[in-house]
Amino acid sequence: MVTLIHTLADHSNDVNYCAFSSSCLATCSLDKTIRVYSLNNFTELPYSPLKGHTYAVHCCCFSPSGHVLASCSTDGTTMVWDTHDGRMLAVLEQPSGSPVRVCRFSPESTYLVSGAADGSVVLWNMQSLKLYRLGNVKDGSLVACAFSPNGNFFVTGSSCGDLTIWDDKMRCLYNEKAHDLGVTCCDISSQLISDGGHGFRYFQMASCGQDNQIKLWLILFADFLGVELKYKCTLNGHSAPVLACAFSYDGQMLVSGCKITNILLQSTGNTLHTLSQHTRYVTTCAFAPCSPLLATGSMDKTVNIWQFDLKQPCAGNTVENESKVAVEDWSEDDVSAWLCAQDLADFVGLFKMNNIDGKELLNLTKESLTNELKIESLGLRSKVLQKIEELRMKMISVSVTIPDEFLCPITRELMKDPVIAADGYSYEKEAMENWISNKRQSSPMTNLPLHSLMLTPNRTLKMAISRWLETQQK
C-alpha cells in the first residue's frame, strides 16, 4: 500500500532531481534553486532555498553522513553546501566549462564525481576540494552516475546509450551499449546478491533510458577477474521514456518513473504500484534511507512524498557498512538512523533531546540509560545495551586489518574452511568448489590449467585463523 502524504510545490519550474539524507529531502529545479526540507514535517529549512547557480540545476546529492550537499548546473559548476547552515563551501568548476548534468559522492565521502554534457567526468578530492582525476566517455553527454556500495568502482551512463565502469583511480574498466536511444539514469543496489550458486556475489544495477525500458544488470568486480557485466533482464511496462530509477535500501524494490516494482518475486519483476498523480513526466525518484518514504519529482513543478507500508531498512545500515564513517564521528542524525535500523525508532526523540551523537552512544552504560535517559524498562535497557555492544564488536572487526593470507582470493572474505588447490594456493572450500562446478578448471590466481581438482584441507591455516580471531576478541 502506497499513500500520497504530501506535495511540495515551491519550485517555479521543472523539478530535475530529489535526494534524501536521514533527516532531510533536497530538490533542485530549472528555476536555478535547491530547496531543502525537514523530514519531520516537510517544512523548508530556514536557509532554503539555496541560490548560487546562474542556470538550471540538474542534480543534487547528499554526502553519506548528510553533512554536505552537492549540486550541479548548466553553468558548468558543482557547488558544495553545508547542510547545517546552508553555507556554500566550494564552487568546483568543470575544466571544460561544459554544463554539469550529474554529481555523486563516493560511499566514504572521499570523492565527488561530476559528469558533463561534453562527456567529461571529474573525480574531486573532497578533503582538498581539488580535482583528483579527469576522464571522458567516448561519445555523448554524461547524464547518469552510480557508485558501488564499497566505493571500488562507479558507473556512468551517457546520452549515446553506453554504460561505462570506472575504478576509483578513474581508469575505464568496461563499456557496454545498454540503451539504443540513450541512458537516462542508473542506480546500484546496496545489497550484494548471489548468482546461480557459483560462489560469487554480484552488485545489482538498474538502468533506464529513452527506449522506454528498465534493464537489470549484475556486476562482478574482483581483482583477479577484472570486471564482468552481465545482462539480467528487462522490466517492461512503461510506454514512454523512463527518466529515473532507484533501488530501495533493502534492494527489494525498484522505482522507475511512476512505477514501483518488486524485483525479487520473479526474474522479470512485477509492478506493485503505479503512481499516477503527476500530470507530466516523472523526472526523478528516490527512497528515503530511514523511513518508509518515497519522493517523486516531475516536470509539473511538484514533488510528491509517498509513504508505503513495506518495512525498509534504515540508513543505519548505510552508516555502518557503506559510508565507512567512524561511529565516534556519527552525528545525532546518524545515531537516529542507527536506532531505526535496530528497531529502536521509539528512542529517536529521547536520544535527540539528550544530544546523543556517536561518541555519546558508545559511552552509554546501564546507569546512564537508567539515571540520565530515564529508560525504566529493564528489557528495553538490555536491548539498547546489547545493540551498542554489537556495534562496538563491529567497530573492532572493521578497524582491524585482516592478514591477507587469511582472505580467500575468490571472495576476499575471511576463510572458515581453507583448502589447498593444485595451484598451491589456499581458498575457502565452498568458493573453490563452486569455481570448479562452474566448469572453471583453471587457477583463480594464475589462470593456468589445474592438473588436479583435488582440494586438501589446510588445517595449519585454519588453526592460525582461529588463534588470530581469539586475539581480536580479547
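Computed values, structure above
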quantity: Subset of region 354-386 (residues that are in a helix (DSSP H, G or I), closer than 14 Å to LEU339 by Cα and of a type in the set (A, V, I, L, M, F, W, C)); calculated: LEU361, LEU362, LEU380, VAL384, LEU385
quantity: Out of GLN204, GLN191, sole residue that is in contact with a strand residue (DSSP E or B) (Cβ under 6 Å, 6 or more places away or on another chain), over 25 Å from PRO99 (Cβ atoms) and either part of a loop (DSSP other than H, G, I, E, B) or open to solvent by less than 10 Å² (accessible area, probe 1.4 Å) (or both); calculated: GLN204
quantity: ILE165, sole failed condition from (1) free of Cβ contacts under 8 Å to residues at least 60 places away in the same chain; (2) more than 15 Å from the chain's Cα centre (by Cα); calculated: (1)
quantity: Those residues of region 16-55 which are more than 16 Å from ALA70 (Cα to Cα), part of a strand (DSSP E or B) and either open to solvent by less than 40 Å² (accessible area, probe 1.4 Å) or out of contact with any Lys or Arg (no Cβ under 8 Å at 6 or more places or on another chain) (or both), in sequence order; calculated: SER38
quantity: Single unsatisfied condition, CYS60 versus (1) buried (at least 22 other Cβ atoms within 10 Å of the Cβ); (2) touching a residue at least 60 places away in the same chain (Cβ under 8 Å); calculated: (2)
quantity: Enumeration of residues in region 354-385 that are β-branched (Val, Ile, Thr) and surrounded by fewer than 13 Cβ atoms within 10 Å (Cβ to Cβ); calculated: THR365
quantity: Hits in region 106-120 (condition: part of a strand (DSSP E or B) and open to solvent by 20 Å² or more (accessible area, probe 1.4 Å)); calculated: TYR111
quantity: Boolean, ASN13 is within 21 Å of HIS84 (Cα to Cα) and in a loop (DSSP other than H, G, I, E, B); calculated: no
quantity: From the options GLY115, GLY151, GLY140, residue that is over 21 Å from the mean Cα position of the chain (by Cα) and within 20 Å of MET205 (Cβ to Cβ); calculated: GLY140
quantity: Scan of region 67-78 for residues that are surrounded by fewer than 24 Cβ atoms within 10 Å (Cβ to Cβ) and under 24 Å from the mean Cα position of the chain (by Cα), ordered by number; calculated: HIS67, VAL68, THR77
quantity: Search result, residues across region 227-242 that are in contact with a Phe, Trp or Tyr (Cβ under 6 Å, 6 or more places away or on another chain) and within 13 Å of ASP211 (Cβ to Cβ); calculated: none
quantity: Whichever residue in region 121-135 is touching a residue at least 12 places away in the same chain (Cβ under 8 Å) and loosely packed, with under 15 Cβ neighbours inside 10 Å and, among such residues, is farthest from VAL80 (Cα to Cα); calculated: LEU134
quantity: Residue match in region 454-471 (condition: within 25 Å of LEU220 (Cα to Cα), open to solvent by less than 30 Å² (accessible area, probe 1.4 Å) and not polar (S, T, N, Q)); calculated: no
quantity: Residue match in region 70-93 (condition: assigned to a loop (DSSP other than H, G, I, E, B), in contact (Cβ under 8 Å) with a residue 24 or more places away in the chain and among the aliphatic types (A, V, I, L, M)); calculated: no
quantity: Residues of region 79-103 that turn out to be open to solvent by 40 Å² or more (accessible area, probe 1.4 Å) and under 24 Å from the mean Cα position of the chain (by Cα), as a count; calculated: 3
quantity: Qualifying residue in region 98-112 (condition: over 21 Å from TRP217 (Cα atoms) and among the charged types (D, E, K, R)); calculated: yes
quantity: Residue match in region 307-327 (condition: at pLDDT 80 or above and assigned to a helix (DSSP H, G or I)); calculated: yes
quantity: All positions within region 207-223 that are of a type in the set (Gly, Ala, Ser) and surrounded by 18 or more Cβ atoms within 10 Å (Cβ to Cβ); calculated: SER207, GLY209
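The values are calculated or read from the model by the stated rules, or taken from the named source; none is laboratory data. Not measured: the values here are computed from a predicted model. With ideal geometry, Cβ positions are generated from the backbone for all residues, glycine too; neighbour counts draw on all protein chains shown. Accessible surface is based on the protein model in full, side chains and every heavy atom, while ligands, DNA and RNA are left aside. Shrake-Rupley method; radii C 1.70, N 1.55, O 1.52, S 1.80 Å.
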